[in-house]
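*Asks:* Please read through the structure below; I'll follow up with questions.
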């Protein structure tokens, strides 16, 4: 079996991650990545690239706890698109500006979903699933730094990182069922990270959980005493990564993804589409509509009996 065939799962992802209209230009030019980077403008992200080739992607909506909307989804997808990461980039650091890593979905973005049709919601959820898939499959090592809270989709971001460092005060929650929806778009990545047993518990309880539990179940890899210690721990991790062969790192990452999901070549696209449709259907369901509206109106939802 040839090398190309052994690692042929990437085209499956490309087929799922729908075309961006032909605009596949790189984030950085080969001749001058910092110059090209300065020409890119982002509404929701801060990007920096240092002389070592370490790119930092910072979620930059601290006023709303770095919650994501359709703009952040598009911008993160653009950054992590398979053909967009320049060869100069050796590693990617994902972090949040301010005191919170990511609080999940933006209230205004979520509120608009209640007035959308199934087809409109499906387009929206496909874009969200695509973002997580692109981040998960990025050939560069992705290191997540978690301070404060990671809620809902924020846990999804944690799940697609290769290495995660969290401050002791960080908290986590998969809170979607409180809104009458489910963590569908992040589901494939969360389940792969923590396993089905823990996912069943956390998906249906919406409990907040500590860094200690996050460490025990494999969601994060290291706990540091406080947010200030994250950069020190990061420097140690990067010191190790940057001494290694970049191609070997990319193949090692690809190997783990293949071995941890042996049937991914046949199932990945179907799983991502199933996740997208599940969330789109729940968004327009009576329960999903009631849950989101109650959340926006700051009241307790009125749930109907389960008729499924």
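*Asks:* Is there a residue in segment 235-244 that is within 30 Å of residue 116 (Cβ to Cβ) and surrounded by fewer than 18 Cβ atoms within 10 Å (Cβ to Cβ)?
*Replies:* no
*Asks:* Can you find, within segment 123-148, the residue that is nearest to residue 270 (Cα to Cα) among those that are in contact with a strand residue (DSSP E or B) (Cβ under 8 Å, 6 or more places away or on another chain) and assigned to a loop (DSSP other than H, G, I, E, B)? I'd like the intermediate steps shown before the answer.
*Replies:* Our first condition is that a residue be in contact with a strand residue (DSSP E or B) (Cβ under 8 Å, 6 or more places away or on another chain); within segment 123-148, this holds for 135, 138, 140-148.
Next cut, assigned to a loop (DSSP other than H, G, I, E, B) only: 138, 140-141, 147-148.
Values: 138: 20, 140: 25, 141: 26, 147: 34, 148: 34 Å.
Residue satisfying both the conditions and the ranking: 138.
*Asks:* Which of the following residues is in a loop (DSSP other than H, G, I, E, B) and within 18 Å of the chain's Cα centre (by Cα): 71, 89, 93, 85?
*Replies:* The match here is 85.
*Asks:* Ok, one more. Looking only at segment 75-96, how many residues end up being out of contact with any helix residue (DSSP H, G or I) (no Cβ under 7 Å at 6 or more places or on another chain) and either surrounded by fewer than 18 Cβ atoms within 10 Å (Cβ to Cβ) or touching a residue at least 40 places away in the same chain (Cβ under 8 Å) (or both)? Reasoning before the result, please.
*Replies:* Looking only at segment 75-96, we keep the residues that are out of contact with any helix residue (DSSP H, G or I) (no Cβ under 7 Å at 6 or more places or on another chain), and these are 75, 78-79, 83, 85, 87, 89, 92, 95-96.
Keeping just the survivors that are either surrounded by fewer than 18 Cβ atoms within 10 Å (Cβ to Cβ) or touching a residue at least 40 places away in the same chain (Cβ under 8 Å) (or both) gives 78-79, 83, 85, 87, 89, 92, 95-96.
Going through segment 75-96 one residue at a time, the tally reaches 9.
*Asks:* Test residue 253 against the criterion of being under 30 Å from residue 121 (Cα atoms), out of contact with any helix residue (DSSP H, G or I) (no Cβ under 6 Å at 6 or more places or on another chain), touching a residue at least 24 places away in the same chain (Cβ under 8 Å) and assigned to a helix (DSSP H, G or I), and give yes or no.
*Replies:* The answer is no for residue 253.
*Asks:* Give the residues of segment 165-191 that are surrounded by fewer than 24 Cβ atoms within 10 Å (Cβ to Cβ) and under 14 Å from residue 214 (Cβ atoms), sorted by residue number.
*Replies:* Correct list: 167, 168, 169, 171, 173, 190.
*Asks:* When you look at residue 280, is it touching a strand residue (DSSP E or B) at 6+ places or on another chain (Cβ under 8 Å), assigned to a helix (DSSP H, G or I), surrounded by 19 or more Cβ atoms within 10 Å (Cβ to Cβ) and modelled with pLDDT of 95 or more, yes or no?
*Replies:* no
For every residue, the table says whether it meets (1) at pLDDT below 95; (2) touching a helix residue (DSSP H, G or I) at 6+ places or on another chain (Cβ under 8 Å); (3) under 15 Å from residue 95 (Cα atoms); (4) part of a loop (DSSP other than H, G, I, E, B).
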site	(1), (2), (3), (4)
15	yes, yes, no, no
21	yes, no, no, yes
31	yes, no, no, yes
57	no, yes, yes, no
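*Asks:* Take the conditions touching a residue at least 12 places away in the same chain (Cβ under 8 Å) and not in a loop (DSSP other than H, G, I, E, B) and apply them to residue 155. Does it pass?
*Replies:* Judged against the criteria, residue 155 is a match.
*Asks:* Another one. When you go through 291, 195 one by one, which is the residue that is crowded, with 17+ Cβ neighbours inside 10 Å and either modelled with pLDDT under 95 or within 19 Å of residue 173 (Cα to Cα) (or both)? First the steps, then the outcome.
*Replies:* Working: 195 fails: crowded, with 17+ Cβ neighbours inside 10 Å.
Step by step, each of 291, 195 is checked, and only 291 is crowded, with 17+ Cβ neighbours inside 10 Å and either modelled with pLDDT under 95 or within 19 Å of residue 173 (Cα to Cα) (or both).
The values are calculated or read from the model by the stated rules, or taken from the named source; none is laboratory data. Keep in mind that what you see is a predicted model, and the values were worked out from it rather than measured. Because the Cβ atoms are built from the backbone with ideal geometry, glycine has one as well, and the counts that use them run over all protein chains shown.
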